[in-house]
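The values are calculated or read from the model by the stated rules, or taken from the named source; none is laboratory data. The structure displayed is predicted, hence computed values, not measured ones. Every residue, glycine among them, receives a Cβ derived from its backbone with ideal geometry; neighbour counts consider all protein chains shown.
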DNA sequence: TCAATAGTGTCTGTCAGACAGTATGTG
DNA sequence: CACATACTGTCTGACAGACACTATTGA
């Protein structure tokens, strides 16, 4: 792949010098972020409460406009740092783009959605037009037909953000199956029990402990042993202190660790 | 998920009546299509030769601007029909969005890329500024480090289309593992040998015939038996006439059919 | 009968599910 | 000691890889 931009292709410099943009429709482009973490054993998402119309008072995914000189990825990283007040070092990946013509009643907006994963972040600070920003356990949002059904008091999300968040959850649930992404949810060093709690929270069902250990430890490069804690970091006293690990270099799991049968439907993009 | 657009949220109608768009950066939004099919046992992609600057004379993915009233999905379907001259009935899915600020030297363009799969399409007809449109076996493009290396005469693609096509190929290769997508590449009715040739072409290595049969036939809803051909459609004479099948309703494969070890690296989004 | 393609049977190793058991720490 | 947590062993069934085998057609 040779460079796309201002390269030396025959006649092109002259062409570009005389080029005037045609009248193509103009769009505003935003990024929306599904920032996920595990808090208190629950998969949680960062939501802001909107101060302004439209959808004033509704909960929404944090996000903002892409600026002239930046890519969507740069805009997502910038918004993430504005929202959390610190450089973001976790996992950030593009989810998909939402472009229904009437998804924003103000104007034509195309939104490029991202998923971010992080171990326990500092409590977020509000910014921009967000009146409030906090973590919500996803089960309190009643997005998917999870056991227990939609909580009666489940808040409604602004725009098409319920759909975006639903897609983000499906992406993360399925990526835990065939990647080592789970380890991005925990602080280092971590124990195998910590890592297993990530799967339990994301899949809403804990894999069998012994089988989980066998799989994780036999996957070369998933996690790296780090020694035993002098007297374990947290946790209630009592019990044998666990071995500690950090993230390894492996990215993919082969073969994958499939989640239990439930929640495996709904095709959707990978 | 209740409707995003012109709903009756308190105070919003008044707000929208007085709303004037702020000065957010304006972007052109395009769709780019990686249209894939199997031709002569080779995975092939539809490419156009550009007539205009920039990248005049280069090969490019077909695509075009998203219009004011349509979603990216609608634009992709429209371009596909313009390009092939018929209503497109195959599989079309969003790949990802490319937004590097300098990916197009003319102006700021965000491109939403799609992957389309179809059984042998009519030979394409050129349209728009495409001087020529034809199928290219992907192995002739030398995109990935495939055995044989990059052909000396491999053409260079315009813009960042080599990257987009590379991502599209990885998407399709991996989706064959855990979905029934392969069946979207063949005309109905088809034989098991036809279906296996799809895997052989996409993965560049044929799964063992007996194991392949066992897997496909034991996956309920992957394919449906359709009876035996009176005297097989095509193929060289001689040999036992095969059973015929059509696509079933199943979408996902559980557990997946993993491709052989090669080509399973390069993390990349799902 | 031969060539060619379709289709079957079966052995083997790998691995996940299930679950019972052992080890090592604290009070 | 009891108790809690960490960790191990092992039986079983499902399934993929490998490959030898049989079946059915046309020439």
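Among the residues of the range B:238-259 satisfying the criterion of being touching a strand residue (DSSP E or B) at 6+ places or on another chain (Cβ under 9 Å) and at the interface with another protein chain (Cβ under 8 Å from one of its Cβ atoms), which is farthest from residue B:190 (Cα to Cα)?
Here the answer is B:256.
Are there any pairs with C-beta distances below 7 angstrom linking a residue in the range B:77-100 that is in contact (Cβ under 8 Å) with a residue 24 or more places away in the chain to a residue that is crowded, with 24+ Cβ neighbours inside 10 Å and assigned to a loop (DSSP other than H, G, I, E, B), with the two at least 6 apart or on different chains, and if so which?
Every condition considered, the pairs that remain are B:79/B:62; B:83/B:62.
Please verify whether residue B:262 is within 14 Å of another protein chain (Cβ to nearest Cβ), modelled with pLDDT under 90 and either away from DNA strand D (no atom under 15 Å from the Cβ) or in a loop (DSSP other than H, G, I, E, B) (or both), treating the condition exactly as stated.
Numbers: within 14 Å of another protein chain (Cβ to nearest Cβ): yes; modelled with pLDDT under 90: yes; either away from DNA strand D (no atom under 15 Å from the Cβ) or in a loop (DSSP other than H, G, I, E, B) (or both): yes.
Spelling it out, residue B:262 is indeed within 14 Å of another protein chain (Cβ to nearest Cβ), modelled with pLDDT under 90 and either away from DNA strand D (no atom under 15 Å from the Cβ) or in a loop (DSSP other than H, G, I, E, B) (or both).
Test residue B:56 against the criterion of being surrounded by fewer than 19 Cβ atoms within 10 Å (Cβ to Cβ) and closer than 15 Å to residue B:159 by Cα, and give yes or no.
Working: surrounded by fewer than 19 Cβ atoms within 10 Å (Cβ to Cβ): yes; closer than 15 Å to residue B:159 by Cα: yes.
Taking the combined requirement at face value, the residue satisfies it.
Are any residues in the range B:152-174 at pLDDT below 95 and more than 12 Å from chain A (Cβ to nearest Cβ), and if so, which ones?
Those that are at pLDDT below 95 and more than 12 Å from chain A (Cβ to nearest Cβ): B:152, B:153.
Six or more apart or on different chains, Cβ atoms under 8 Å: show the pairs whose first residue is in the range B:102-122 and free of Cβ contacts under 8 Å to residues at least 40 places away in the same chain and whose second is buried (at least 21 other Cβ atoms within 10 Å of the Cβ).
B:102/A:4; B:122/B:84
Here is a yes/no grid of residues against (1) in a helix (DSSP H, G or I); (2) modelled with pLDDT of 95 or more; (3) within 12 Å of DNA strand C (Cβ to nearest atom); (4) away from chain A (no Cβ under 14 Å):
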| position | (1), (2), (3), (4) |
| --- | --- |
| B:176 | yes, yes, no, no |
| B:194 | yes, yes, yes, yes |
| B:199 | yes, yes, no, yes |
| B:207 | no, yes, no, yes |
| B:210 | yes, yes, yes, yes |
| B:214 | yes, yes, yes, yes |
| B:217 | yes, yes, yes, yes |
| B:224 | no, yes, no, yes |
| B:227 | no, no, yes, yes |
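Identify, from the list B:41, B:90, B:64, the residue that is surrounded by fewer than 20 Cβ atoms within 10 Å (Cβ to Cβ) and over 13 Å from the mean Cα position of the chain (by Cα). Break it down stepwise before answering.
On the way: B:90 fails: over 13 Å from the mean Cα position of the chain (by Cα); B:64 fails: surrounded by fewer than 20 Cβ atoms within 10 Å (Cβ to Cβ).
Answer to the selection: B:41.
Taking residue A:149 and the conditions (1) modelled with pLDDT of 95 or more; (2) out of contact with any strand residue (DSSP E or B) (no Cβ under 7 Å at 6 or more places or on another chain); (3) on the phi > 0 side of the Ramachandran plot, which numbered condition does it fall short on, given that it satisfies the others?
For residue A:149, the exception is condition (1).
Pairs, please: C-beta under 9 Å, at least 6 apart or cross-chain, first residue farther than 17 Å from residue B:258 by Cα and in contact (Cβ under 8 Å) with a residue 60 or more places away in the chain and in the range A:242-257, second away from DNA strand C (no atom under 16 Å from the Cβ) and part of a loop (DSSP other than H, G, I, E, B)?
A:247/A:186; A:247/A:188
Quick check on the range B:211-228: of everything there that is more than 12 Å from residue B:257 (Cβ to Cβ) and more than 10 Å from DNA strand D (Cβ to nearest atom), which residue is farthest from the chain's Cα centre (by Cα)?
Here the answer is B:227.
Considering each of B:59, B:80 in turn, give the residue that is under 16 Å from residue B:162 (Cα atoms) and touching a strand residue (DSSP E or B) at 6+ places or on another chain (Cβ under 8 Å).
Working: B:80 fails: under 16 Å from residue B:162 (Cα atoms).
Within the list B:59, B:80, the selection yields B:59.
Show the residue pairs meeting these rules: Cβ distance below 6 Å; 6+ apart or different chains; first residue within the range B:184-210 and within 13 Å of DNA strand D (Cβ to nearest atom); second residue assigned to a loop (DSSP other than H, G, I, E, B).
Here the result reads B:199/B:207; B:203/B:259; B:205/B:260, each pair linking the range B:184-210 to a residue that is assigned to a loop (DSSP other than H, G, I, E, B).
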